[in-house]
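**Student:** I am attaching a structure below and will ask some questions about it afterwards.
What follows is calculated from the coordinates using simple rules that are stated; it is not laboratory data. It should be emphasised that the depicted structure is a prediction, and the values quoted were computed from it without experimental measurement. Every residue, glycine as well, gets a Cβ built from its backbone with ideal geometry; the counts of neighbours run over all protein chains shown.
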Amino acid sequence: MLRSMLSAASAIRNHQIYMDVVANNISNVNTTAYKTGRATFHELLSQIISAGAAPQANLGGVNPVQIGLGMTLGGVDSVFGQGALQATGRINDLAIQGGGFFVLQGTTEPLYTRDGALDLGLDGSLLNPTTGLKVLGWNANANGVIDTTGAVAPVMIPLNQGLIAQATRNVQLGGNLDARVAAGAVSDIVAVAGTVDDFGTDFVAVGQTELAAGDYYVEVDTAAGNFRLVDSAGNAVQIASSTGPDHWLALPAPGTTFDTERGLTIEFGAGPFVDGTFAAGNAANVHYDPQNVTTNIQIYDSLGALHSITLTYNKIGVNTWTWQASENDATITALTPATPTTITFTSSGQYSATNPTATIGLTFSNGATAQTINLDLDQLSQLADESELSAAVQDGYAPGQLIGFSVSGNGDVTGNYGNGMRKVVAKVALSTFVNPGGLLRVGDNMFAPSSNSGAATIGAAGTGGRGVIQAGYLEMANVDLAQQFTSMIMAERGFQANSRVITASDQMLQDLVNLVR
């Protein structure tokens with residue numbers, strides 16, 4: 001009878017622990033990322049009354065006779081099942097969908113948590129606002145490269161960083177070059193000996209517009225030593241640096257090729273020059289068909305300064321064009337290539353895969369770093385339609401300051417800048433354990449490794465069994481209230497039944513004592 005009372009007493013004691021576990025689970029039903037505790041029980045040593053016997057001759061075997069001595073607590077396990085995700089609308093809040101833990105910078109050793117209710121410190125660090133512990137990961141270097149093989153460090157959001165700019169590295173040009181235009185410079189050339197030998201096409205200077213198609217004449221005034229370009233109506237046309245309503249310019253030396261900077265060149269003969277006017281017909285004339293196609297691209301240097309580059313395309317043969325970059329910018333000290341580059345198109349009007357790589361080299365006098373721009377022309381076509389070119393994409397940015405950030409599924413922290421620039425500035429680390437059930441709860445939703453959890457394996461989200469990160473969400477507790485209420489009833493009934501055993505045993509002892517009366 002004493003044995004029965006002691007067995008029941010052990011059960012009462014451990015069912016109280018069972019109720020403690022259930023109560024703790026229910027109390028944490030709204031605790032962020034809380035993991036349910038589960039109590040398990042083991043029987044105690046059984047007293048052997050008879051050891052039993054093996055079968056002999058005509059007798060069968062005899063089973064051992066044992067009486068149990070009660071029960072004990074086997075353990076309280078943590079159930080690391082996935083909790084539901086709750087949207088919060090805060091970009092600082094992070095949840096893990098799948099396995100893994102956030103890594104926090106503890107006082108002496110890192111601590112681990114599934115609680116992603118985070119905030120920003122005054123120094124730009126991502127941290128747990130309850131404990132002040134900083135989230136660990138990897139920060140990008142000056143070139144925006146993240147080395148996940150290196151040691152983890154506090155994740156820093158550069159909110160206090162000054163303005164940042166990005167030099168243009170790549171430009172993608174799109175559009176069409178008209179396949180219907182004739183190769184060459186001009187047509188219907190009439191040369192007058194001693195005055196002008198020929199006309200040809202040249203590149204349009206930055207800030208200038210290409211001449212319209214039509215008849216143009218060179219008018220010479222030998223007495224004044226001047227010349228000018230006039231159209232078919234006799235109106236002076238502005239060319240090069242000519243100013244005023246008459247646009248006269250000094251006659252060049254005989255044999256000179258003069259660039260009007262508007263797509264037309266004038267080749268002066270060997271002389272002597274002869275006076276000629278439009279009215280008298282004593283001047284060379286040409287019907288000018290513009291062949292050049294120009295477009296301006298905007299690029300940024302390493303200081304964030306904006307520069308304009310003119311790209312000029314000229315058809316020189318069947319399916320064959322040249323392109324040339326030019327500029328009118330005092331801060332650009334050198335531009336390459338200095339000569340036209342030939343490109344070809346296929347018979348179906350597509351940019352040929354055999355064309356050389358197109359690049360533009362720039363050096364500056366404003367202190368910006370020399371840069372090379374990769375010019376992607378693959379989207380160009382040469383079809384029987386109007387010529388139209390545009391720089392579809394360029395990856396440079398003017399100066400701008402960080403105004404926010406976002407976190408991707410793999411933990412990349414991307415800074416959003418006021419100039420539209422987006423740049424990866426850090427990556428949040430996740431850790432896994434061989435046996436997460438062996439982790440020690442240390443309060444504040446955090447865990448510490450134990451000798452039975454194994455060491456933390458730290459890496460990027462989405463790799464090595466680690467889950468993905470969901471920004472703007474928090475993981476809820478994985479407490480199943482229906483199961484906890486059921487466990488509560490089981491704990492209460494177990495406690496109640498064992499208390500009845502003690503009562504009954506006590507009554508039996510009382511009856512035994514009363515036998516002497």
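**Student:** Expected output is a single nm value to one decimal: the length gained when fully extending between Asp378 and Ser352, i.e. 0.36 nm times separation in residues minus the C-alpha distance. What is it?
**Tutor:** That pair, Asp378 and Ser352, stretches by 8.6 nm at full extension.
**Student:** Reachable lysines from Lys423, Cα under 25 Å, same-chain residues fewer than 8 places away excluded?
**Tutor:** Lys134
**Student:** Report, ordered by chain and residue number, the aspartates and glutamates lying within cross-link reach of Lys427, taken as a straight Cα distance under 19 Å and ignoring same-chain residues fewer than 8 apart.
**Tutor:** Hits, sequence-local ones excluded: Asp93, Asp115, Asp119, Asp123, Asp147, Asp412.
**Student:** Can you tell me the dipole magnitude for the chain around its Cα centre, using point charges on the Cβ only (Lys, Arg +1; Asp, Glu -1), in Debye to the nearest 20?
**Tutor:** The dipole of the chain has a size of about 4080 debye.
**Student:** How far is helix 2-27 tilted off the main Cα axis of the chain, in degrees rounded to 10, range 0 to 90?
**Tutor:** That works out to roughly 20 degrees.
**Student:** What distance in nm separates the simple spin-label points at Asn141 and Val393, each placed 7 Å from Cα in the Cβ direction?
**Tutor:** Placing both labels 7 Å beyond Cα along the Cβ direction yields 2.6 nm.
**Student:** A further question on this structure: Could you give the length gained on full extension between Thr149 and Gln507, defined as 0.36 nm per residue of separation minus the Cα-Cα distance, in nm?
**Tutor:** Full extension from Thr149 to Gln507 adds 121.8 nm.
**Student:** Could I have the simple spin-label model distance between Asn160 and Ala212, label points 7 Å from Cα toward Cβ, reported in nm to one decimal?
**Tutor:** Inter-label distance under the simple model: 6.2 nm.
**Student:** Give the distance, in whole Å, between the Cα centre of the stretch 104-149 and the Cα centre of the stretch 200-276.
**Tutor:** When both Cα centres are located, 69 Å separates them.
**Student:** Same structure, new question: Note the angle between two axes, namely the Cα long axis of helix 481-513 and the longest principal axis of the Cα atoms of the chain, as a number of degrees from 0 to 90, rounded to the nearest 10.
**Tutor:** Rounded to the nearest ten degrees, it is 10.
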